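Read the figures in this text as sums done on the coordinates, not as results from a lab. Source: prediction; values computed, not measured. Note that each Cβ is placed from the backbone with ideal geometry, even for glycine, and that neighbours are counted across all protein chains shown.
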Protein chains: 2
Amino acid sequence: MLKIVVDAMGGDNAPGEIVKGALAALDERKDFMLVFTGDENLVKAELSKYKYDASRVDVRHCTEVVNGDDIPTQAVRTKRDSSLVVGLKMLKEDENVGGFVSAGSTGALFAGGVMHVGRIKGVIRPALCPGIPNVRGTQTLLCDCGANAECKPAFLAQFGMMAAAYAGVLGVEAPRVGLLSNGTEEHKGDTLHREAFALLSELKGIRFVGNIEGRDIMCGDVDVAVSDGFSGNIALKSAEGCGKAVKSLLETEFRRSPGSKISYLFVRKKIGRLAAILDYARLGGTMFLGLKKVVVKSHGASMAKSITPSVVQAVDACSGGLIEKITEAFARAGVTETPDE
Amino acid sequence: MLKIVVDAMGGDNAPGEIVKGALAALDERKDFMLVFTGDENLVKAELSKYKYDASRVDVRHCTEVVNGDDIPTQAVRTKRDSSLVVGLKMLKEDENVGGFVSAGSTGALFAGGVMHVGRIKGVIRPALCPGIPNVRGTQTLLCDCGANAECKPAFLAQFGMMAAAYAGVLGVEAPRVGLLSNGTEEHKGDTLHREAFALLSELKGIRFVGNIEGRDIMCGDVDVAVSDGFSGNIALKSAEGCGKAVKSLLETEFRRSPGSKISYLFVRKKIGRLAAILDYARLGGTMFLGLKKVVVKSHGASMAKSITPSVVQAVDACSGGLIEKITEAFARAGVTETPDE
C-alpha cells in the first residue's frame, strides 16, 4: 500500500495541528497509509485524541527537529535524525513511500530533497510549484516561485515541462503554458526571458501560448505560468498582499458604523465564499517538481485544515503518476542525462 | 506662469475625455495654464462644450498622432508633428513649460522623453514610478515598473534616489526605501539584487530599510519600493490582477440570487469606497523620473476622472520642485556626469 510520510514536527503548529490534519486525510482518500516522523511520545499523545484506523497509521521515531533558524544546507547534513531528514530518506529507501508532506523550513526541505531523494533524470533544477486560485474557481500553477532566484533559459523551459505534466495529473487536458513577462508581445522581457520564450516555443509536447502578464495569473487564461524563481516569488506575494489588503479594507469598511455591522451580517457569508475561492490552503501546499518522489510543502503557519489537502495532494500526485509523467516528458523531449548545468 | 502641456490625442478616449479631464484640473489648482497639443479643430470642438477661463487654456495645433501600433523609437523620430513629439519638444524649448501629460503610448513617451527632453545630469536610466495604493490610505511608489527590463545594480540604486526625492515632493519626510526581492533577508535575491542591496546600503541621503517582499508593497511599511523594471512590472500587474479577481468574484457573489441583490444594495457603498481606495486612477498617472522636465503617463484607457489627477500631479511635481530635488540628490551623492552606462 502507498505510504505518505508526514513530518509531524515541522511548522508553527506541530505536532498537534499536523497530526489532526493528516488523520482527517484518511477519510478523504482510502488507498494509502500515513507514517509520521517525529518524537514518538508527542505524536502518540496527539494520536490518542482521535479515532482512526490504526492499521493505516504508523510512527517513525526520531529525535531532532530542523528549525527556521537553521541554515538549510547545513541542517540537512548534520540533523540526520530530524523528522525532515528521516522522512526524506524514507522516500529514497522505501519503494512503498510515495510522498512526503512537511510544514517545516522550505529551504531545508528543498536542499534535503535534492540531497537525499535526488532529481529525476534530466532535471537541472527542481522547482516550487504552488497553485494560485483564479476567478474560474480552478488554479493556475506558478513554477518556479522561489527555489531558483538565479535562472538560465533552459531552467525555465524545464519548469514549463514539469508544471505541464503536473497540470495533466490534476486533470487538465492539454494545459496552456504561458511565460510570465513584462508584456504579452514576443519581444518583451529581458535576455533570460526572451531566450526562454524561444526554447519554450520549440518544445515538443507542451502547449506554449506565449507571454503572459502578472494580471493574467488570477484570471485563469493559462493553466501554467512559467517564471524564474525571483519574479515568480514577487508575483505570488504581490497578489497575496493585494488579497490581504482587500480583506483588511473590507473589514474596516464594515466595522465603520453600527449600521455597517448589521449589513456585514448580510454579506458575511458572501465574503466567506469569496475568501474560500481565494484561499490558498484549500488548494493544498506547494508541490516540489523535479525530485524522484512527491514532496509537498505546507505553509509554515498551517492549521489542520491546510494539512489535510496537502496530504490529499500528495496521495493524488502519487496515484496520478506525477513522477512517471515528468520522467516521460523529459524522455520525449530527448533530455535523458542530468547535466551539471 | 507655469504651463502644463496635455497630449489631447493620446489614449483610447482622446480627445473628448482628455480635454474634459484636463479642464477640470483648472479648478483643482490655480497657478498654472494648460496647453493642448493636437488637431486644433477637434480640440476646440471639445473645448466649446465647457465653461472655463480662456486665459488659462491654449491649443498648439499639430497634424499627427502616435498610435499604439507604432514602433516607439521610430515614431518619435518620424512623427515629428505628432501631439506627443510636439509636446515633448515644448518641454525642452519653453522654459515656462514644466510638465507634459499623455495617455498615449508608454514606449513612445519614454523614448521621446529621453530623446527630446533629455536626462538629468548623472541619470543612467529614467524610470517609471507609479503610486500603488496601500492599506494606510497613502501610496507606495514602485520604481522602476517597466521601462528597464534589463538592469544593472547602479540603475536600481538610482531608482531609489529618484523615487525617494519624489516621495519628498509628495510630502513624505525621510521616506523609507525598500528593495523588492524574494525574501527579506539580506542574502536573498539574485546577483543583481544582492549587488543593488550593497549599493543602496552605502548611499548617503536615503533611508534604506533593506529587502521587502511583494506582499509588503500594499501594506504601506515602505514609501518607496525599488525594483528592476521586469519584476516591478510583474508585481504591479499581479496585484492589479488580484484586485480585479476580487472585484469580479464579489460581483458574482452578490448577483447570485434575488436576496443577494438586496444585500448588495446595503453594501454597494462600502464596496465602492473600497474600490476607491484601490483605484489606481485616483492616484493620477505614472511619473517618469530622471528626465529634465516632469512627464506623467496617464493610463491608455483613461477617462476624464483619471486625467484630472494626472494633470494635478504634474502641476504639484513642478511646484514642489521635483526636478531640482532629483538634481540635488544626485549632486549630493557625487553623481554629476551622465555615464554612457
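Nothing charged except the Cβ atoms of Lys and Arg (+1) and of Asp and Glu (-1): what's the magnitude of the dipole of segment B:35-107 about its Cα centre? Round to the nearest 20 debye.
Dipole about the Cα centre, nearest 20: 60 debye.
Relative contact order of chain A: what whole-number percent is it, with Cα pairs under 8 angstrom and at least 6 residues apart?
The normalised contact order for chain A reaches 24 percent.
Can you give the mean number of other chain Cβ atoms that lie within 10 Å of the Cβ atoms in peptide A:208-214?
Taking all residues of A:208-214 together, the mean is 3.
Which far-off residues, 5 or more places away or on another chain, put their amide H under 5 Å from the one on residue B:97, with H placed in the peptide plane?
B:3
Quick check: residue separation of residue B:95 and residue B:136 times 0.36 nm, minus the Cα distance between them. What number comes out in nm?
Once the chain is fully extended between residue B:95 and residue B:136, it gains 11.0 nm.
Grab the other residues whose beta carbon is less than 13 angstrom from that of residue B:129, score K and R as +1, D and E as -1, and report the net.
0
Under a point spin-label approximation (7 Å from Cα along Cα-to-Cβ), what is the residue A:77-residue B:198 distance to one decimal in nm?
Calculated label separation equals 2.4 nm.
According to the square roots a ≥ b ≥ c of the eigenvalues of the Cα gyration tensor, what is the shape class of segment A:172-229, taking rounded for a/c under 1.5, prolate for a/b larger than b/c otherwise, and oblate for the remainder?
oblate
For Cα pairs less than 8 Å apart in space and 6+ apart in sequence, what is the mean separation divided by the residue count of segment B:5-106, i.e. the relative contact order in percent?
36 percent
Shortest first and in nm to one decimal, what separations exist between residue A:74 and its copies in the other chains, measuring from label points 7 Å along the Cα-to-beta-carbon line?
From this label point to the equivalent ones elsewhere in the assembly: 5.7 nm.
Can you compute the helix-only [θ] at 222 nm over chain B? Use -39500 (n - 2.57) per DSSP H run of at least 4 residues, normalise by all residues, nearest 500 deg cm²/dmol.
Calculated from helices alone, the mean residue ellipticity at 222 nm is -14000 deg cm²/dmol.
What does the structure give for A:314-320 when I average, per residue, the other chain Cβ atoms found within 10 Å of the residue Cβ?
Counting other chains' Cβ atoms within 10 Å and averaging over A:314-320 gives 0.
Restricting the count to DSSP beta bridges whose residues both fall in the protein assembly as shown, what percent are antiparallel, rounded to a multiple of 5?
25 percent
Label point 7 Å out from residue A:150 along Cα-to-Cβ: which residues of segment A:219-238 have amide N under 16 Å?
Zone members listed by number: A:228-231.
If we count other beta carbons within 10 Å of each Cβ, what is the order of A:73, B:140, fewest first?
Ordered from fewest to most neighbouring Cβ atoms within 10 Å, A:73, B:140 come out as A:73, B:140.
If you add up the charges near residue B:6, with Lys and Arg at +1 and Asp and Glu at -1, over every other residue whose beta carbon is less than 13 angstrom from its beta carbon, what do you get?
Local net charge: +1.
Determine ³J(HN,Hα), in whole Hz, for all residues of segment B:184-192 in sequence, where each value follows from phi through the Karplus function 6.51 cos²θ - 1.76 cosθ + 1.60 and θ = phi - 60°; x replaces Gly and Pro.
Working through the residues one at a time gives 8, 5, 4, 7, 6, x, 8, 4, 3 Hz.
Take the alpha carbon atoms of segment B:124-198, find their center, do the same for segment B:67-117, and report the distance between the two centers in whole angstrom.
25 Å
Over chain A, what is the percentage of antiparallel beta bridges among all DSSP beta bridges, to the nearest 5?
Antiparallel bridges make up about 25 percent of those DSSP assigns within chain A.
Using θ = phi - 60° and the Karplus curve 6.51 cos²θ - 1.76 cosθ + 1.60, what whole-Hz ³J(HN,Hα) does each residue of segment A:78-86 get, with Gly and Pro shown as x?
9, 8, 6, 10, 8, 4, 6, 5, 4
Which distances, in nm and shortest first, link the residue A:53 label point to the same label point in every other copy, taking 7 Å along Cα→Cβ?
The projected label point of residue A:53 is separated from its counterparts by 8.2 nm.
With the convex hull built on the Cα atoms of chain B, state its orientation-averaged projected area in nm².
Projected over every direction and averaged, the Cα hull of chain B covers 18.4 nm².
Among A:83, A:238, rank each residue by its count of other Cβ atoms within 10 Å, from fewest to most, as a rough exposure measure.
Exposure proxy ranking, most exposed first: A:83, A:238.
Sort by residue number and name the cysteines in chain B that have no neighbouring cysteine Cβ under 4.7 Å.
B:62, B:145, B:151, B:219, B:318
Please list, ordered by chain and number, the residues whose modelled amide H lies under 5 Å from the amide H of residue A:39; skip anything fewer than 5 residues away on the same chain.
A:62
Under the Karplus relation 6.51 cos²θ - 1.76 cosθ + 1.60, θ = phi - 60°, what is the ordered set of whole-Hz ³J(HN,Hα) values for segment B:312-319, x standing for Gly and Pro?
Rounded to whole hertz, the list is 4, 4, 5, 4, 5, 5, 5, 6.
If each label sits 7 angstrom from Cα along the C-beta direction, how far apart, in nm, is residue A:205 from its counterparts in the other copies?
5.7
Indicate the gyration tensor shape class of segment B:1-71 (rounded, prolate or oblate), computed on the Cα atoms with a ≥ b ≥ c the square roots of the eigenvalues: a/c under 1.5 is rounded; otherwise a/b larger than b/c is prolate and the rest oblate.
Here segment B:1-71 falls in the prolate category.
Scan around residue A:176 for amide H atoms under 5 Å from its own, H built in the peptide plane at 1.01 Å from N, and keep only partners 5 or more places away or cross-chain.
A:223, A:224
Hey, which of these cross-link pairs are over 23 Å Cα-Cα: A:20/B:188; A:92/A:121; A:237/A:292?
A:20/B:188; A:237/A:292
Neighbour counts of other C-beta atoms within 10 Å: give me A:228, B:190, B:58 arranged from fewest to most.
Ascending number of Cβ neighbours within 10 Å: B:58, B:190, A:228.
Can you tally the net charge around residue B:81? Count Lys and Arg as +1, Asp and Glu as -1, for every other residue whose Cβ sits under 12 Å from the Cβ of residue B:81.
Taking every Cβ under 12 Å from that of residue B:81, the sum is +2.
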